1. Within the range 138-180, which GluC sites (Glu not before Pro) sit in a loop by DSSP and count at most 13 neighbouring Cβ atoms inside 10 Å?
2. Take the alpha-carbon positions of the range 298-414, form their convex hull, and give its projected area averaged over all directions (one quarter of the hull surface) in nm².
3. Please compute the per residue accessible area over the chain with all protein chains in place, 1.4 Å probe, rounded to a whole number of Å².
4. Quick one: net charge of Ala79's neighbours, Cβ under 10 Å, K/R +1, D/E -1?
5. Give me the percent of the accessible area of the chain that comes from carbon and sulfur atoms, probe 1.4 Å, all protein chains in place.
6. If you take the C-alpha gyration tensor of the chain, multiply each eigenvalue by 5 and take the square root, what semi-axes do you get, largest first, in whole Å?
7. Helix 314-327 sits at what angle to the longest principal axis of the chain, using alpha carbons and giving 0 to 90 degrees rounded to 10?
8. At 0.36 nm per residue, and after removing the present C-alpha to C-alpha distance, how many nm does the segment from Asp297 to Ala255 gain when stretched out fully?
Amino acid sequence: MIPMTLARIAEVVGGTLHDVDDPSAEVTGSVEFDSRRIGPGGLFLALPGARSDGHDHAAAAVSAGATAVLAARPVGVPAIVVPPIPPAQTNALALEHDRDGAGAAVLAALAKLARYVVDTLTEAGLTVVGVTGSAGKTSTKDMIAAVLSPLGEVVAPPGSFNNELGHPWTALRATETTRFLVLEMSARGPGHIAALARIAPPRIGVVLNVGTAHIGEFGSQEVIARTKGELVEALPAAAGGGVAILNADDTLVAAMASRTTARIVNVGTAPQSDYRAEDLRLDDRARASFTAVARVDGREHRVPVRLAVHGEHQVGNALSAIAVAVECGATPEQAADALATAGPVSAHRMAVQTRSDGVTVIDDAYNANPDSMRAAVKALVTMARSGPVRRRTFAVLGEMAELGDDSVVAHDAIGRLAVRLDVTRIIAVGATRPVRGLFQGAVMEGSWGEEASHVPDADAAIALLRQELEPGDIVLVKASQAVRLWTVAEAVLADDPGNTDGVARTEDAR
């Protein structure tokens, strides 16, 4: 964060100083909501949690070096105190355990502070890039950060830190030396992306796709599209530098062009797209190589691209990243060079590792929806078919959450797809009705019903894999985050016969 006095922070967030001897004392370090991460000069956020209230850790944070605490009540140490907000007046996801409005108040103050800092840095030349979509946000955010890094300092969130807490927390990582702030923007309902855009107004907005992730919360795909489109509505006009990068292959995304006054940049397979991919090839690890055809300032660039991430679905994400890089001053060639070494950054997202006996594990277990599940299963099969000998494939699949009334049908379709793609073994993990639907779909689609197994939990899946895996097999592990199915991937890797201590070390070869 930029250095700010406690008096100035209190003015910005509408708070009052308590137990502060010197209002001119500055916050010069990072803003943290975990007292164990606070450092000298930091600002500690007193937020309620499932197990404890951050207010109870205020003294420890100051002892660890925090200049002050942002709180909803006096805490006996230097603090900026903001009045509580009744929970009924907010729908913030991060306030699940907020009973008295303290968390809502601290989050609202955090948003005001982030907006002030972003506005200050934007006047000094900071470019804010926002990314949204039903699938691929995190991978694309990581790619954009990679292609912008050669141009200057980049701040981007770790993993999917993209809600009312993660969004301003990430924005406050920016300092006077930061040139680019890349933000992933999620939503659980209408108005959420617009609210995030008010915290850190983007100049460039990227919309990847409109799928059915979280349709149980939104109600329909059309509502999802309206919500994702809030990003392009928040962009400045073309005359003010606003740029909307839209996936022209998704009709719901392409239609968002009418909702913004920003300049439109189209990414897709159609010949009229400003950025498109030709001559697509996949290697034995489902890493794409292609020719990026980019129209820049009336000139067509044809640039060879080789991705270090896995799956054909990453091609569109890469084109969006190239488009952002060019808008920020890079050449298409520079962006392609950066992508060649931009491997997976965020954990449990198409992370590919191979044991000493040739067993390959694809850990894509951080999250799942029908679109990303289909893409991951296709990548699994591509890897199996790419070598001189076809390898056996295991798809260890758990529940895709928040699909509403369509959940069982969506899971059934994934089970059937896996069989049609000739996955050797489908292991459905979990006791829920949707997971049983996935298993039944695989059984009904299969020739003898022997392709699929249904196990109650991750431990049972691990036990089954230990019985059946042979050298050279490929294992995909994927489910929504709440399932924590990455424990299966970690266990399989720890079983590497080449490791004497049970810790997997063989990284995916680039």
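1. Sites meeting the loop and neighbour criteria: Glu176.
2. If you wrap the Cα atoms of the range 298-414 in a convex hull and average its projections, you get 10.2 nm².
3. On a per-residue basis, the chain sits at 40 Å².
4. That sum, taken over residues with Cβ under 10 Å, equals 0.
5. Its accessible area is 50 percent carbon and sulfur atoms.
6. Three semi-axes, in Å: 39, 29, 22.
7. That works out to roughly 40 degrees.
8. Length difference between fully extended and current span is 12.7 nm.
The values are calculated or read from the model by the stated rules, or taken from the named source; none is laboratory data. It should be emphasised that the depicted structure is a prediction, and the values quoted were computed from it without experimental measurement. Using ideal geometry, Cβ is built from the backbone for each residue, glycine included, and neighbour counts are taken over all protein chains shown. Quick note on the areas: whole protein, heavy atoms, side chains included, nothing else; ligands and nucleic acids left out. Shrake-Rupley method; radii C 1.70, N 1.55, O 1.52, S 1.80 Å.
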